[in-house]
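What follows is a short report on a single structure.
Each reported figure results from applying straightforward, stated rules to the coordinates on display, with no laboratory input. Keep in mind that what you see is a predicted model, and the values were worked out from it rather than measured. Cβ coordinates were reconstructed from backbone atoms using ideal geometry, including for glycine residues, and neighbour counts include every protein chain displayed.
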There are 2 protein chains.
Amino acid sequence: MRIAIDAMGGDYAPATTVEGAIEAVNEFKGVSVILVGDEQRIRDELSKKNVRGLPITIKHASETVEMDDAPLAAMRRKKDSSIRVAVDTVKAGEADAILSAGNSGVVMATAILVLGKLPCVERPAIATVMPGLKHHFVLLDVGANVDCKPSHLYQFAIMGETYAKYILNIERPKIGLLSIGEEDAKGNELTKEAFKLIKNSHINFIGNIEGQDIYEGEADVVVCDGFVGNITLKVSEGLAKTISMMLKKEIIDSAAAKLGGLFFKSAFKNFKQKTDYSEYGGAPLLGITKPCIMSHGRSSAKAIKNAIRVANVFHQKKILDIISTEFNQEISRSAKVDAKK
Amino acid sequence: MRIAIDAMGGDYAPATTVEGAIEAVNEFKGVSVILVGDEQRIRDELSKKNVRGLPITIKHASETVEMDDAPLAAMRRKKDSSIRVAVDTVKAGEADAILSAGNSGVVMATAILVLGKLPCVERPAIATVMPGLKHHFVLLDVGANVDCKPSHLYQFAIMGETYAKYILNIERPKIGLLSIGEEDAKGNELTKEAFKLIKNSHINFIGNIEGQDIYEGEADVVVCDGFVGNITLKVSEGLAKTISMMLKKEIIDSAAAKLGGLFFKSAFKNFKQKTDYSEYGGAPLLGITKPCIMSHGRSSAKAIKNAIRVANVFHQKKILDIISTEFNQEISRSAKVDAKK
């Protein structure tokens, strides 16, 4: 797999993107990287490491998108940005996948415009892997679409199922619809309509799942609109941080602070490892014609490396072709159901 | 204050409701309680305690609403339920406030039907107090209205401000709109419109607040629709439970389990106390003409007692009158603005 990386995207870029790319080509066989961005700065980073003979090339881009650039304006004004050039590289057939830890709104808008959506997909969705009590689960959409129609949620369910099957290796993933009551008729107008669509599909739908149950591991895929998904993700991040700070304070306040703190520290380290986002590396924008992986702005080199791994699995297992096949099967299946009526 | 309590509502009722009522009348001066429900069962509970001379009376209701009863059906079929009789008692002027730990959908529907809404309030909202890193904050709506219009969120902001001012004693509460980006123009269709309405009001609006920031204490009141609010509340409950279970497991797995566990236990106990819902007792249904407090189904006697305290403050401080005045001021204020145009 040849991957085009937006080398300038992310809070610590290009240091982390270059380092992650080097780790990836060393670790993953058959992976080659095109680093897109300010050639001189990328060369400077590469010169710090031993990269002789590694399948890494540079493609210059004169502009960089900032984290607070508005998507549409940035797309119009910065035609030679590292994001745009990386996406164009994929479009031109010179790379198989794209990765960016930069402004996700710009990455998304550019990917949709340049690479286009899969047939049957009205809206692409950002899928993220979340840590759970028993195992991980996929949450989507976490922010690509803030105002959704029922058919969008239905499509997210199909894409999420394929993702869980091939990336998390779950044979028959259980799909839940995030709602405010377990009963079929509970929810808002959007989820109640989406419920019917998903129930009528071929997927292993376990019905509504409530907020308190998503971390218990009942569902392998949790489907919601991008507004609710983003708030779920962010509230979880914020609360985890708050709880850890509160507990740390309790430890410090306790009389036997040093001793207790020691044990706590070790327990907390293990916990943190289990829930470390960098292990999953990136969130794919599902529904685009090519693998498009978006990484957290705070991505470390390790997170970049793992995001490249995810892109590689996408490419190797032809996950986007599988998603298209799934949709075609859904269409022919519902056509048969209609014909029988 | 005379409060009508749905004695049969809650997982451990009537034991907890009766015990909470006894604690409340002992602790809060001027509070009298009407326990509504199965007279014999309530008498049995009262007979276990020394209640001689306490201002507690019983009002019989022959039916009990179950937790899984559908609101409209239960309202139609169970005309002599403890919820209905308690609400009717307030309507008849025999009590000043109502409290129930029972089926919240039925409580809400009955209160709206029998007691009615305040003028200017299109939809009542459930407000809940959440623990934060620095201080507590109010989250509303957490489930009364799953499909909202911008004007509803604006009204929630007004009601939430009054609640924070008089119940949490915050002089000039900061109001945030739960959204998926801090910038004014970020959000979904609903929040973008609501943003403009709230910005044009007199309240201390700090703009959008993201999910990760609500526990940091930036806002004293976090406004959202009932679907998003309920998911925020439930995801938080689920995640807090999951983190505590994961950390406990790490402690047990660690070599020096016993010693470390001891310190952890004490730290966790303090943390739990700080975040104990029973301290706040109940969530008011704001926007009804009389104080209506809904408690958690798992309410302990302490939670019931604290919910009675909240109802008492509502009554003593005439919070519902203040909310009406706030709305009237908003109306005359915007009329002046319009006249100037």
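Other protein chain C-beta atoms within 10 Å of residue C-beta, averaged over A:138-148: 2.
Of the residues A:Thr325, B:Thr17, the one with the fewest other Cβ atoms within 10 Å heads the list, and the complete ranking is A:Thr325, B:Thr17. Take the Cα of A:Lys317, step 7 Å toward its Cβ, do the same at B:Lys241, and the gap between the two points is 3.0 nm. Here is how far apart the B:Lys336 label points are across copies: 7.1 nm, shortest first, using a point 7 Å from Cα toward Cβ. Applying the Karplus relation 6.51 cos²θ - 1.76 cosθ + 1.60 with θ = phi - 60° to segment A:211-224 yields 3J(HN,Hα) values of x, 6, 9, 5, 7, 7, x, 5, 10, 8, 10, 10, 9, 7 Hz, where x marks Gly and Pro.
When Lys and Arg each count +1 and Asp and Glu each count -1, what net charge do the other residues less than 13 Å away from A:Gly37, Cβ to Cβ, add up to? It would help to have the intermediate numbers written out before the result.
Numbers: positive: A:Arg41, A:Arg43, A:Lys59, A:Lys78, A:Arg84; negative: A:Asp6, A:Asp38, A:Glu39, A:Asp44, A:Glu45, A:Glu63, A:Asp80.
Result for the local shell: -2.
Give me the extension gain from B:Asp44 to B:Ser151: residue separation times 0.36 nm, minus the current Cα-Cα distance, reported in nm with one decimal. Provide the component values of the computation, followed by the final result.
Details: separation 107, 0.36 × 107 = 38.52 nm, distance 4.79 nm.
Once the chain is fully extended between B:Asp44 and B:Ser151, it gains 33.7 nm.
When the protein assembly as shown is described by a simple charge dipole with +1 on each Lys and Arg Cβ and -1 on each Asp and Glu Cβ, the residue from B:Gly238, A:Met108, A:Ile198 located farthest towards its positive end is B:Gly238. For A:Val65, the amide hydrogen comes within under 5 Å of the amide hydrogens of A:Ser82, A:Ile83, counting only partners 5 or more places away or on other chains and with H modelled in the peptide plane. Proximity of backbone amide H atoms, modeled 1.01 Å from N, is registered between A:Lys174 and A:Asp220, A:Val221 at under 5 Å, excluding neighbours fewer than 5 places apart on the same chain.
Give me the net charge of A:Ala4's neighbourhood, meaning all other residues with Cβ under 12 Å from the Cβ of A:Ala4; Lys, Arg count +1, Asp, Glu -1. Intermediate results must be reported in sequence, preceding the final value.
Values: positive: A:Arg2, A:Lys59, A:Arg84, A:Lys91, A:Lys290; negative: A:Asp6, A:Asp88, A:Glu94, A:Asp96.
Summing Lys and Arg as +1 and Asp and Glu as -1 gives +1.
Taking amide H positions as modeled 1.01 Å from N, with prolines and chain starts lacking one, the residues under 5 Å from A:Phe137 and 5 or more places away or on another chain are A:Met130, A:Gly132. Taking every residue in A:185-193 and counting other chain Cβ atoms within 10 Å of its Cβ, the average works out to 3.
Working note: Debye formula, equal point scatterers on the alpha-carbon atoms of segment A:100-195, no solvent; log10 I(q)/I(0) at q = 0.15, 0.16, 0.20 Å⁻¹ is -0.69, -0.78, -1.14. Charges were assigned to the Cβ only: +1 to each Lys and Arg, -1 to each Asp and Glu. The resulting dipole of chain A about its Cα centre is roughly 680 debye. Using C-alpha pairs under 8 Å with a sequence gap of at least 6, the mean separation divided by the residue count of segment A:17-149 gives a relative contact order of 17 percent.
Structure note, pairs B:Lys117/B:Lys165; B:Lys290/B:Lys317; A:Lys29/A:Lys59; A:Lys78/B:Lys186; A:Lys248/A:Lys302: Cα-Cα distances above 19 angstrom occur for B:Lys117/B:Lys165; A:Lys29/A:Lys59; A:Lys78/B:Lys186; A:Lys248/A:Lys302.
Can you divide the C-alpha Rg of segment A:35-100 by 2.2 N^0.38 Å and report the result to two decimal places? Let's see the in-between values first.
Numbers: Rg = 13.1 Å, N = 66, 2.2 N^0.38 = 10.8 Å.
With N residues counted in segment A:35-100, Rg over 2.2 N^0.38 Å equals 1.21.
The HN-Hα couplings worked out from phi for segment A:57-68 by the Karplus form 6.51 cos²θ - 1.76 cosθ + 1.60 (θ = phi - 60°) are 10, 10, 10, 6, 9, 7, 10, 10, 7, 8, 4, 9 Hz, whole numbers, x standing for Gly and Pro. Scattering from chain A was approximated by placing one identical point on each alpha carbon and applying the Debye formula without solvent; log10 I(q)/I(0) at 0.07, 0.09 1/Å stands at -0.31, -0.51. Counting Lys and Arg as +1 and Asp and Glu as -1 over every other residue whose Cβ lies under 9 Å from the Cβ of A:Gln212, the net charge comes to -2. By the helix-only formula, in which each DSSP H run with n ≥ 4 contributes -39500 (n - 2.57) and the sum is divided by residues, chain B has a 222 nm mean residue ellipticity of -15500 deg cm²/dmol. Ranked from shortest, the separations from the 7 Å Cα-to-Cβ label point of A:Asp11 to its equivalents in the other copies are 3.9 nm.
A dipole drawn for chain B from +1 and -1 charges on Cβ atoms has a positive end, and of B:Gly226, B:Leu178, B:Val25 the residue lying farthest that way is B:Val25.
Antiparallel DSSP bridges in chain A: what percent, to the nearest 5? Approximately 25 percent, going by the DSSP bridge assignments. Remark: label point of A:Ala185 defined 7 Å out from Cα along the Cα-Cβ vector; separations to the same position in other copies 4.3 nm, ascending. When the alpha carbon coordinates of the protein assembly as shown are projected onto the principal axes, the ranges are 92, 63, 62 Å, largest first. Peptides B:54-62, A:46-54, B:310-318, B:134-142 ranked from most to least packed by the mean count of surrounding Cβ atoms within 10 Å: B:134-142, B:310-318, B:54-62, A:46-54.
Sequentially through segment B:243-248, phi angles give Karplus couplings (6.51, -1.76, 1.60; θ = phi - 60°) of 4, 5, 5, 5, 5, 4 Hz, Gly and Pro residues having no value and appearing as x.
Stretched out straight at 0.36 nm per residue, the stretch from B:Asp184 to B:Ile331 would grow longer than its current Cα-Cα span by 50.5 nm.
If you restrict to DSSP beta bridges whose two residues both lie in the protein assembly as shown, what percentage is antiparallel, to the nearest 5? All intermediate terms of the calculation are to be shown ahead of the outcome.
Values: 18 of 74 bridges.
Within the protein assembly as shown, antiparallel bridges account for around 25 percent of the total.
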